[in-house]
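The values are calculated or read from the model by the stated rules, or taken from the named source; none is laboratory data. Small disclaimer: the values here were computed from a predicted structure and weren't measured. As a convention, Cβ positions derive from the backbone with ideal geometry for all residues, glycine included, and neighbour counts pool all protein chains shown.
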C-alpha cells in the first residue's frame with residue numbers, strides 16, 4: 001500500500017470536514033481564512049485518495065477509508081523530543097552494585113554512563129549487569145566503566161529525528177532504549193545526554209494516536 005504524505009493544511013481540511021460534513025469548499029476556505037483557489041489542489045488530492053468524497057451541490061464528506069494514511073502522517077510529524085523521557089545517568093566510577101540498585105529503583109532496562117565532564121561515555125543493560133554478577137567479581141568494588149558498552153559503539157539519536165528512525169534503531173540493534181544526545185557545536189567530542197527514547201515511549205505514542 002502506498003502511504004500518502006499529507007501536509008498540515010490537508011490534515012486541517014480533514015478535521016473540518018469530519019466535524020461539519022457535508023460542507024462546501026467555500027465554507028472550508030472560510031474556516032481556514034484562505035481562498036477557494038488556494039484549496040483546489042488540496043481538495044483534489046484528498047478526493048483522489050478517497051479520504052474525502054465530493055458530491056455536486058452538496059459538498060464534501062469524510063469517507064474514512066484512509067485512516068492508515070492519517071496515522072502514518074501523525075507518526076511522521078512526531079519528533080523524538082516530543083515523546084522522550086528523562087534519562088537515568090550514572091558516573092563511570094560508580095560501582096556495579098550501586099548501578100544495579102539504581103537501575104531497579106528506576107525501573108528501566110538500561111542506564112547511561114557519563115564521564116567526569118558529564119559527557120556520554122557508555123551504556124549498560126540489565127543483561128550486562130546480570131553477567132557481571134556471575135563469577136567471582138566483587139561488584140561492590142568494580143566500577144561500571146569496566147563492563148559498559150563504550151562510545152562510539154553506543155547507538156544514539158538526536159531530538160530532531162523522527163520517531164520512525166528511533167523505532168528502526170531500537171529494533172535493528174535489539175536494545176531496550178537509546179540515549180537522546182546533543183553535540184557541542186564547537187567540539188564534537190562533547191556529547192550530552194538530554195533524554196531517553198524507549199520501546200515504552202513509542203508504544204505509548206501508538207496507543208495515544210489510536211485512542212484519538
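This table checks each residue for (1) without any contact (Cβ under 8 Å) to a residue 24 or more places away in the chain; (2) part of a loop (DSSP other than H, G, I, E, B); (3) closer than 15 Å to residue 79 by Cβ.
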position	(1), (2), (3)
145	no, no, no
152	yes, yes, no
155	yes, yes, no
164	no, no, yes
169	yes, no, yes
181	no, no, yes
197	no, no, yes
202	no, no, yes
205	no, no, yes
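Could we say that residue 174 is farther than 17 Å from residue 81 by Cβ, in the same structural domain as residue 86 (by TED's automatic domain parsing) and assigned to a loop (DSSP other than H, G, I, E, B) here? Spelling it out, residue 174 is indeed farther than 17 Å from residue 81 by Cβ, in the same structural domain as residue 86 (by TED's automatic domain parsing) and assigned to a loop (DSSP other than H, G, I, E, B). When residue 102 is tested against the conditions (1) loosely packed, with under 13 Cβ neighbours inside 10 Å; (2) without any contact (Cβ under 8 Å) to a residue 24 or more places away in the chain, the lone failure is (1). If you check 141, 188, 127, which single one turns out to be more than 24 Å from the chain's Cα centre (by Cα), loosely packed, with under 14 Cβ neighbours inside 10 Å, assigned to a loop (DSSP other than H, G, I, E, B) and free of Cβ contacts under 8 Å to residues at least 60 places away in the same chain? After ruling out the rest, the residue left standing is 141. Modelled with pLDDT under 95 and touching a helix residue (DSSP H, G or I) at 6+ places or on another chain (Cβ under 7 Å), is that true of residue 140? So residue 140 passes the test. Do we have residue 99 as modelled with pLDDT of 95 or more and either assigned to a strand (DSSP E or B) or within 20 Å of residue 158 (Cα to Cα) (or both) here? No. Entry remark, region 47-89: residues being at pLDDT 90 or above, more than 16 Å from residue 19 (Cα to Cα) and surrounded by 14 or more Cβ atoms within 10 Å (Cβ to Cβ) number 9 in total. One residue is enough: does region 107-124 have a residue meeting the conditions at pLDDT below 95 and assigned to a helix (DSSP H, G or I)? No, every residue in region 107-124 fails to be at pLDDT below 95 and assigned to a helix (DSSP H, G or I).
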